[in-house]
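Below: one structure, written as structure tokens.
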Amino acid sequence: MDTTHNNIESLLLRFNDKSPQEVLSWFLSAYSGRIALASGLGAEGQVLTDMISKIDKSIRIFTIDTGRLFPESYKLIDRNNRRYEINMEVFFPDHKEVESYILQHGINGFYDSVEKRKACCHARKMEPLKRALANLDVWICGLRNEQSITRKSVQMIEWDESNGLIKLNPLIHWTEDEVWKYIKFNNVPYNRLHDKGFPSIGCQPCTRAVESGHDIRSGRWWWEN
């Protein structure tokens, strides 16, 4: 299987109008053993976990534990494992990188500047993600065009230059309403923070509830605005 960016356009032409399940079925088979879902434990990640588990329970599904997650997120990992009879992989940051960051910037230094927040994200999230993606040809994400302005141009199938693999976004064309209809119809377990006004869920110090009708990403890193 050609895993370079050269075949992205042909794959887009083939699958761009197909359902998420159709796209997943083909990719999970074609890239068997070299594909995984990266779940942030939000609504989209739960939809994809449900879809993938119905196709092939042996597919790797992982999440990143930054060390600052909400209790509700940890509970959801357990619920997923029991419901789908799987074992979600959990990747942790390198303790030396986190200790170094805290020594230099303090336990909550990410509030001080964009640069310090990005450095914290790198240590707690990006470094373990790099390890999680090692030896993969494809990683599956829950991105949707509707989520923010910066995601309007994201396509269903992309070449991830920084990580050197294909990035698959099966829900890219779905609306938030479609996501929740799927969750309710299929009785998919979801993060209970969604019921408390959290449309987007990340680290506890960097995530807050938002008022109805506001940008769904406005609850993340709000102090930078």
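In debye, nearest 20, what is the charge dipole magnitude of segment 1-153 about its Cα centre with +1 on Lys and Arg Cβ and -1 on Asp and Glu Cβ, if you could check?
The calculation lands at about 200 debye.
Leaving out ligands, DNA and RNA, and with a 1.4 Å probe, what % of the accessible surface on segment 86-225 is carbon or sulfur? Before the final figure, lay out each step's value.
On the way: 3930 of 7610 Å².
Ligands and nucleic acids excluded, carbon and sulfur reach 52 percent.
Placing one identical point scatterer on every Cα of segment 180-224 and ignoring solvent, what is log10 I(q)/I(0) from the Debye formula at q = 0.19, 0.26 Å⁻¹?
Debye intensities relative to I(0), on a log10 scale: -0.62, -0.93.
Using r as the Cβ-Cβ distance of residue 114 and residue 8, and R0 as 35 Å, what FRET efficiency do you calculate, to the nearest 0.05? Let's see the in-between values first.
Values: r = 31 Å, r/R0 = 0.89.
Computed FRET efficiency for residue 114 and residue 8 comes out at 0.65.
Expressed as a whole percentage, what fraction of the accessible surface of segment 2-55 belongs to carbon and sulfur atoms when a 1.4 Å probe is rolled over the protein heavy atoms?
Working: 1090 of 2200 Å².
Reported share for carbon and sulfur atoms: 50 percent.
Which angle between 0 and 90 degrees, to the nearest 10, do you get for helix 95-105 versus the longest principal axis of the chain when only C-alpha atoms count?
Helix 95-105 sits roughly 40 degrees off the main axis of the chain.
Which whole-angstrom value gives the distance between the alpha carbon centres of segment 78-150 and segment 33-61?
Taking the Cα centre of segment 33-61 as reference, the centre of segment 78-150 is 17 Å away.
Running a GNM on the chain with Cα contacts under 10 Å, which residue among 66, 49, 175 ends up with the highest mean-square fluctuation?
Highest fluctuation among the options: 175.
In square angstrom, rounded to the nearest 10, how much accessible surface does residue 174 have for a 1.4 Å probe?
40 Å²
Of the listed peptides 40-46, 11-17, what is their order by residue-averaged count of other C-beta atoms within 10 Å, with the highest listed first?
Working: 40-46: 23.6, 11-17: 14.1.
Packing proxy ranking, top to bottom: 40-46, 11-17.
Can you tell me the Rg and the Dmax, both Å, for the Cα atoms in segment 1-117?
18.1, 50
With everything on Cα atoms, drop me the angle between helix 20-30 and the longest principal axis of the chain, reported from 0 to 90° to the nearest 10.
Orientation of helix 20-30: about 80 degrees from the principal axis.
Just to verify a number: what accessible area does residue 178 come out at with the full protein assembly present, 1.4 Å probe, Å² rounded to tens?
Residue 178 has an accessible surface of roughly 80 Å² with all protein chains in place.
Let me check I have the definition right: for segment 114-225, take the eigenvalues of the Cα gyration tensor, multiply each by 5, take square roots. What are those semi-axes in whole Å, largest first?
On the way: eigenvalues 112, 87, 40 Å².
They are 24, 21, 14 Å, listed largest first.
Can you give the angle from 0 to 90° between the axis of helix 71-84 and the longest principal axis of the chain, with both taken from C-alpha atoms, to the nearest 10?
Tilt relative to the chain: about 20 degrees.
Would you mind checking the radius of gyration and Dmax of the chain based on alpha-carbon positions, in Å?
Here Rg and the maximum Cα pair distance are 17.4, 50 Å.
Could you state the accessible area per residue of the chain in Å², with a 1.4 Å probe and every protein chain left in place? Don't skip to the end; give the middle numbers.
Working: 11420 Å² over 225 residues.
Averaged over the residues of the chain, the accessible area is 51 Å².
If amide hydrogens are placed 1.01 Å from N in the peptide plane, which non-local residues have theirs closer than 5 Å to the one on residue 157?
169
The values are calculated or read from the model by the stated rules, or taken from the named source; none is laboratory data. Predicted, not measured: the structure shown is a model, and the values here were computed from it. Using ideal geometry, Cβ is built from the backbone for each residue, glycine included, and neighbour counts are taken over all protein chains shown. Areas reflect the complete protein model, heavy atoms only, side chains present, ligands, DNA and RNA absent. Shrake-Rupley method; radii C 1.70, N 1.55, O 1.52, S 1.80 Å.
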